[in-house]
Amino acid sequence: MPYQGNETDTDSGSDLPWFLDIQWLIWLFQNISPYYWAALGVGLCVGLSVIGAAWGMFITGSSLVGAGIREPRITSKNLISIIFCEAVAIYGVIVAIILNTKTDAVSREDANSLATYNSGFAVLGAGLTAGFANLACGLSVGIVGSSAALSDAANSTLFVKILIVEIFASALGLFGVIVGIIMAGNVNFTA
């Protein structure tokens, strides 16, 4: 049954937009399948991770090509920054595979149970957490990789020092993977 709204909503004189109506949000979340939320979480995990990796490669690659014109010796050594950015996309794929294996079919009677909704929202939360962490990781690795390429072109002794900072930036993605796996640990669609 479509949401009709409350009579008090129109009489209260509230200036809140329709999407902030709590009753409407409750109706919305109760009437969308938990499998949609789970699939959305898996898709956003991969999508945001790939966007982060691509953005990081764009930032690093443009600086690497620009600085490589002045100092051609840096191109092969600084490809490690591109590899770190690609690892971010792989983190997202790994979490998405784990989340997808947690999604099980349930009977029609259990499709709207509380456990099924909890599992769907848990997969959504895990996918969003890992996806946004990998987006931030890709950006930070790309920025540090860009700095590594430019500083290596200016002074070759700085490469290893900045590479250590890049490893720390890459740890953000691993934190997202770990938190996503922990969040998905209690997912049980069949309960």
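The values are calculated or read from the model by the stated rules, or taken from the named source; none is laboratory data. Treat the numbers as computed from the prediction; the structure is a model and nothing was measured. Cβ: placed from backbone, ideal geometry, glycine included. Neighbour counts: every protein chain shown. Ligands, DNA and RNA are stripped out before the accessible areas are found, and what is left, the full protein with its side chains, is counted by its heavy atoms. Shrake-Rupley method; radii C 1.70, N 1.55, O 1.52, S 1.80 Å.
Brief remarks follow.
- Projected label distance in nm at Ile178 and Glu71, using a 7 Å step from Cα toward the beta-carbon: 3.4
- Dipole orientation for the chain: of the candidates Gly43, Gly66, Phe168, Gly66 has the Cα lying most toward the positive pole (charges on Cβ; Lys, Arg +1; Asp, Glu -1).
- The chain, helix-only ellipticity at 222 nm - DSSP H runs n ≥ 4, -39,500 (n - 2.57), divided by all residues, nearest 500: -26500 deg cm²/dmol
- Stretching the chain fully between Asn31 and Asn100 yields a gain of 22.7 nm (0.36 nm per residue, less the alpha carbon separation).
- The stretch 38-77 and the stretch 144-162 have Cα centres spaced 17 Å apart.
- Mean projected area (nm²) of the alpha-carbon convex hull when the stretch 53-96 is viewed from all directions: 2.8
- Helix 22-31 axis, angle to the chain major axis (alpha carbon atoms, nearest 10°): 90
- The portion of the accessible surface of the stretch 115-161 made up by carbon and sulfur, rounded to a whole percent, is 74 (1.4 Å probe; DNA, RNA and ligands excluded).
- Dimensions of the stretch 120-164 from C-alpha coordinates, computed as largest minus smallest value along each principal axis and given longest first, are 51, 14, 6 Å.
- Cα→Cβ-extended label distance, 7 Å offset, between Glu86 and Leu20, nm: 4.7
- Sorted largest first, the spans of the alpha carbon positions of the stretch 50-191 along the three principal axes are 67, 21, 16 Å.
- The tail of the calculated P(r) for the stretch 64-148 beyond 18 Å holds 59 percent of all Cα-Cα pairs.
- Ligands, DNA and RNA are left out, and with a 1.4 angstrom probe the accessible area of the chain is 55 Å² per residue.
- Dimensionless Rg ratio for the stretch 23-118, taking C-alpha atoms and the 2.2 N^0.38 Å reference: 1.66
- The magnitude of the dipole of the stretch 38-191, with charges of +1 and -1 set on the Cβ of Lys/Arg and Asp/Glu and taken from the Cα centre, is near 340 debye.
- Heavy-atom accessible surface of Lys77, to the nearest 10 Å², is about 80 Å², with a 1.4 Å probe and all protein chains retained.
- With every protein chain in place, the stretch 40-110: carbon and sulfur % of accessible area (1.4 Å): 70
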